[in-house]
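The values are calculated or read from the model by the stated rules, or taken from the named source; none is laboratory data. No experiment lies behind these values; they were computed from the predicted model shown. Quick reminder, even Gly has a Cβ in these numbers, built from the backbone with ideal geometry, and neighbours come from all protein chains shown. Protein only, heavy atoms only, side chains kept; ligands, DNA and RNA dropped before computing areas. Shrake-Rupley method; radii C 1.70, N 1.55, O 1.52, S 1.80 Å.
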Amino acid sequence: MKYAFLLRVSVVLSLVLVACEHHENQNPVSSTQSADSSQLSLSISKDSVLIDPYGVAPLTALVSFRTPYAATSSIIVYGKHGDASNFTHSFNDAGYQHSLSIVGLYANSDNLVRIMMRSSEGALRGDTTIHLATGSLPPGMPSAIDVISRSDGAYEQGLNLVSNYSSATPQMPLMIDCYGDIRWVLDYRNNALLQNLGYEDGIARLHNGNFFFGDASSNAIYEVDVLGKVINVWSLSYYRFHHEVYEKPDGNFLISVSKVGSTHEDGTPTVEDYIIELNRYSGAIINEWDLKQCLDESRHVLTTNSQDWAHVNAVCYDASDNTIIVSCRVQGIVKLRYDNSIVWIMGNHRGWGTNRRGEDLNQYLLQPLDAQNIAISDSLVLDGSQNHPDFEWNWCQHSVILLPSGHLMMFDNGDQRNFNSTPPTWYSRAVEFAIDAPHRTVKQVWEYGKERGSETFSRVISSVKYLPNTNHILFSPGYQVPTAEGYGGRMVEIDYETKAIVFEMTLTDDLKIGWHRVYRMDAYQ
């Protein structure tokens, strides 16, 4: 693999190391140091501090050095807006040799990073600050990022991981802090593997702290570290990646794909109607779900495109019963067992027939309940032609997630809501449903976005995420959403209990597309 030229920063790092009070409990220091010295000094050569070490992450650095005794490193990357804009991290690097990945730098800035060394007992052994000078952001960045509101102390701390769409090829994911500053970007223009990166739903974080995404251009799944270095590649054979790659608790990947040679029974081709499970460790495909077998491939109530009849755009795993939940944009949502049998189908009741196995799919449709848990019997509501005061179906939804309660939440785009292509009011929602699988009932229990109308309407893409530290919801419409400077995306953090807005930010882009998905997370994990 070829990497861009490594930019080396001329920095000499001097650590003033405080001697341990109990020398007998420490490993011996090097022969050049005195065991009873009150101070130990350490210098790092200029070649040991690298800005953007792999030529793909210009707002990162790698700092390497050796201490004369065992120690553990921690850092503070100083922000421009006080403590709330700082990033802190403790490394799991107990020993003598240290290699620190620095994340969260600003572009065109002299960044300050504090490095601290501590003994196994937690005593401070060294403390210094280094300067890291960065260059410009790559081309194709958003034209404007505006913080509309921010309730300090109320919003969930962290960076916004944005599957940015402002750069067409390669797509460049960003981390944007809650002050509107870009603090991380991946730029693979000069990378032979990923110079045409198209990541569809976008980038997410693995349980191990690295990032992962699928690339439609090279038809593979990638794991990269915070410096952008490619760690693992899983190539797909006989399948074509699109939209989603999801990490299960056991580390395996659920991937939405098209299968080479897939056809309807009349021989015409199909796309975007398979899910596969890939064993992360062996690379083998260990399960396949063919939606043509379990759903009605002839149902066209929301599309006339027989080739892309399902348009899978999301998948997640339910550990409570070892099933998968699949979002089909123009069909609805279906829960499937590992043998591809149906648990339930969620969506308007119009036009369901039989599948290839001869099953009548109407038996799997969820029955909506009102606020008093009484079944809604209005045929117009069941059909989807009208809404109930307590309930609305999902329309062309994206980003299905499971909440800690077990409830299902999604970004309900609202495209073709009630089969209306030109409604008087457009709106999208973050909406939560309680589903009783044994009784096949569904109850709407929470929503946000309808009250914002066209201001937060996104016909396609977009995401909703649960923020566990604050019990907040991150609602992020990303397609042609109006902003002060034009169009792009808008992320809104809502207090779940009060529905108060604690954070709101817009991203404007010349392509009028902000993102596919947005996550809030720590810079390192």
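Counting only residues that are surrounded by 18 or more Cβ atoms within 10 Å (Cβ to Cβ) and either farther than 21 Å from ASN190 by Cβ or over 31 Å from the mean Cα position of the chain (by Cα) (or both), the stretch 87-101 holds 4 of them. Criterion first (in contact with a Phe, Trp or Tyr (Cβ under 8 Å, 6 or more places away or on another chain), crowded, with 18+ Cβ neighbours inside 10 Å and either modelled with pLDDT of 90 or more or not acidic (Asp, Glu) (or both)) does LEU50 satisfy it? No: the conditions fail for LEU50.
A search for C-beta distances below 7 Å between a residue of the stretch 138-155 that is of a type in the set (Ser, Thr, Tyr) and modelled with pLDDT of 95 or more and any residue that is outside any loop (DSSP other than H, G, I, E, B) and open to solvent by 40 Å² or more (accessible area, probe 1.4 Å), counting only pairs 6+ apart in sequence or on different chains, returns SER149/ILE501. Exactly one residue among LEU361, LEU366, LEU380 is under 31 Å from the mean Cα position of the chain (by Cα) and on the phi < 0 side of the Ramachandran plot, and that residue is LEU366. Within the stretch 167-191, being part of a loop (DSSP other than H, G, I, E, B), open to solvent by 10 Å² or more (accessible area, probe 1.4 Å) and in contact with a strand residue (DSSP E or B) (Cβ under 9 Å, 6 or more places away or on another chain) holds for GLN171, TYR179, GLY180, ASP181.
Look through the stretch 504-525, keep the residues that are surrounded by fewer than 24 Cβ atoms within 10 Å (Cβ to Cβ) and hydrophobic (A, V, I, L, M, F, W, C), and return whichever of them is nearest to the chain's Cα centre (by Cα). Applying the filter and picking the extreme gives MET521.
Restricting attention to the stretch 416-432, the residues that are open to solvent by 10 Å² or more (accessible area, probe 1.4 Å) and in contact (Cβ under 8 Å) with a residue 12 or more places away in the chain add up to 7. Selection of the stretch 437-458 for residues being of a type outside the set (Gly, Ala, Ser) and assigned to a helix (DSSP H, G or I) yields LYS450, GLU451, ARG452, GLU455, THR456.
THR169 satisfies every condition listed in (1) over 30 Å from VAL481 (Cα atoms); (2) at pLDDT below 95 except (1).
LEU302 falls short on exactly one of the conditions (1) closer than 30 Å to VAL103 by Cα; (2) surrounded by 15 or more Cβ atoms within 10 Å (Cβ to Cβ), and that condition is (1). The set of residues in the stretch 459-509 that are under 24 Å from ALA154 (Cβ atoms), assigned to a loop (DSSP other than H, G, I, E, B) and among the charged types (D, E, K, R) comprises GLU497, LYS499.
Pairs linking a residue in the stretch 396-414 that is assigned to a strand (DSSP E or B) to a residue that is open to solvent by 10 Å² or more (accessible area, probe 1.4 Å) and acidic (Asp, Glu), with Cβ atoms under 7 Å and 6 or more positions apart or on different chains, are LEU402/ASP318. Being at positive phi and without any contact (Cβ under 8 Å) to a residue 60 or more places away in the chain holds for only one residue in GLY122, GLY104, GLY55, and it is GLY122.
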